[in-house]
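Inspection log for the structure reproduced underneath, given as structure tokens.
Values quoted throughout were computed directly from the atomic coordinates according to the rules given, and no laboratory measurement underlies them. Note that the coordinates shown come from a computational prediction; the quantities given were computed from them, not determined experimentally. Please note: Cβ atoms are built from the backbone with ideal geometry, for glycine as well, and neighbour counts cover all protein chains shown.
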Amino acid sequence: MRWKESLRPLAAPVLRQPVFIVESDDWGPGDPVQAEALRAVAGVLEHHRDAAGRPARMTIGVVLSVPDAGRIAATGDYHARLLDEPEYRPIVDALQEGVSRGVFDLQLHGLAHYWSDNLMALWRRDEAVRRWLAKAGWRTERLPAWLQSRWIDAVDGLPSRPLDRSVIRRAVREEVEVFHRCFGYPPKVAVPPTFVWDGNVEAAYTEAGIEVLITPGRRYAGRDAAGRLTPPERGYYNGEALSSGLIALVRDVYFEPALGHTPEGVLAAVERKWRRREPALLETHRFNFLDGNLEASLDALDRLLREVRGRFPQVRFLSSRHLAGAMADLSDPSPVVRLRALWRRWLG
Ligand SMILES: [Zn+2]
């Protein structure tokens, strides 16, 4: 089966032009400082245009709720605050503004960045989680990594177990409805939190109208006894039409300036992608644009976009949804180009 896995990237479309997409996850209800950060990011993106005049794009993986610290403490039961509450209006406005300016495209990250039963089980037995909730319960990126996975059952602790199919279907239906209510249209692209999901989640996404699945190139279905990702169940390639009905994309270039990723390092990765005639989907989280990191990250984003345009004058700025829907149009018909790209993919 190993050799079969190594052939998978050969099936992906061979692009005619470099494609560059920045994907940013975790934005959602919380401190309105996010609205300012989003507007600042939009301002940088708007300055950079591709040869066809399209502005640089950032897809935003939206989280639709955070725990309601006050009510949880008062009742001992789970309660959430949703993104469509008036308090979060400035954040929704900043997102919508970015969409109408053509620089943002909104994707479904999840109703919450955890499975609420897992959160509550740990809240009951772990002082650190209670402190986190009382202090800054909207900063889900500060929870233990395994708890940030949404599509697992870890109520009785680790290792995780799969959630029931019917439970997943109900939860996906709910998150799609809440997204629709917040933004006025249903989501078409889903990004499973921490990239942990299973076949039942894919089927539920399709059933709820999702068309595109963002993956890191493989599927992790659970967490082991130490909270680590369990070994991948399967691989994915760009443009793969899944049996669930979704189209898969692969996001595997990492741009987290706050963690030390430089524009130069990212450019080398984009170069490698282009040699293989594959799109470059970058991953960057909201924490890069909060906590005093904003100015340095905006500067890094600005430099990166300038360098990308300089080095790849034919680059196309697209949304992931657009890319997934236009794979055939974006493919290079030349057999020589195709063979060369496939050879480079084969070499790895
Ligand atoms: Zn996330």
Inset, instruction - Would you please name the GluC sites (Glu not before Pro) within region 145-190 that are DSSP coil residues with at most 12 other C-beta atoms within 10 Å of their C-beta? - result: none
Legend entry - Given 16 as the ceiling on other Cβ atoms within 10 Å, longest exposed-site-free region of the chain for trypsin sites (Lys or Arg not before Pro) in DSSP loops: 102-227
Legend entry - Karplus-derived HN-Hα couplings along region 117-123 (A = 6.51, B = -1.76, C = 1.60, θ = phi - 60°), whole Hz, x at Gly and Pro: 5, 5, 4, 5, 4, 6, 4
Inset, instruction - Provide the per-residue ³J(HN,Hα) series for region 160-166, in order, calculated from phi with Karplus coefficients 6.51, -1.76, 1.60 and θ = phi - 60°, each as a whole number of Hz, with x at glycine and proline positions. - result: 6, 10, x, 7, 5, 4, 5
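Please compute the net charge surrounding residue 57, taking Lys and Arg as +1 and Asp and Glu as -1 over other residues with Cβ under 12 Å from its Cβ. Write down the numbers at each step before the final one.
Numbers: positive: 49, 54, 101, 316, 321; negative: 23, 46, 50, 105.
Net charge in that neighbourhood comes out at +1.
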Inset, instruction - May I ask for the net charge around residue 289, where only other residues with Cβ less than 11 Å from the Cβ of residue 289 are counted and Lys, Arg are +1 while Asp, Glu are -1? - result: -3
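Rounded to the nearest 500 deg cm²/dmol, what is the calculated helix-only ellipticity per residue at 222 nm for the chain, with -39500 (n - 2.57) per DSSP H run of length n ≥ 4?
On the way: 12 runs with 137 residues, N = 348.
Counting only the DSSP helices, I get -12000 deg cm²/dmol.
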Legend entry - region 58-74 - phi-based ³J(HN,Hα) in whole Hz, Karplus 6.51/-1.76/1.60, Gly and Pro as x: 10, 8, 10, x, 8, 9, 9, 7, 9, x, 8, 4, x, 6, 5, 5, 6
Inset, instruction - Can you list which of the GluC sites (Glu not before Pro) found in region 243-294 are DSSP loop residues with at most 15 other C-beta atoms within 10 Å? - result: none
Legend entry - Folded to 0 to 90 degrees: helix 294-311 orientation relative to the chain principal axis, Cα: 20 degrees
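With Cβ to Cβ distances under 13 Å as the rule, what net charge do the other residues near residue 244 carry (K, R +1; D, E -1)?
On the way: positive: 165, 169, 219, 234; negative: 198, 202, 207, 211, 240.
Computed value for this residue: -1.
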Inset, instruction - Could you pull out every residue, at least 5 positions away or on a different chain, whose amide H is within less than 5 Å of the one on residue 282? Hs are placed 1.01 Å off N in the peptide plane, and Pro or chain starts have none. - result: 21, 22, 23
Legend entry - For residue 107, distant residues with modelled amide H under 5 Å away: 60, 61, 62
Legend entry - Long-range HN-HN contacts of residue 66 with modeled amide H, under 5 Å: 81
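Could you work out the equivalent-ellipsoid semi-axes for the chain, taking the square root of 5 times each eigenvalue of the Cα gyration tensor, largest first, in whole Å?
Working: eigenvalues 215, 119, 64 Å².
Semi-axis lengths for the chain are 33, 24, 18 Å.
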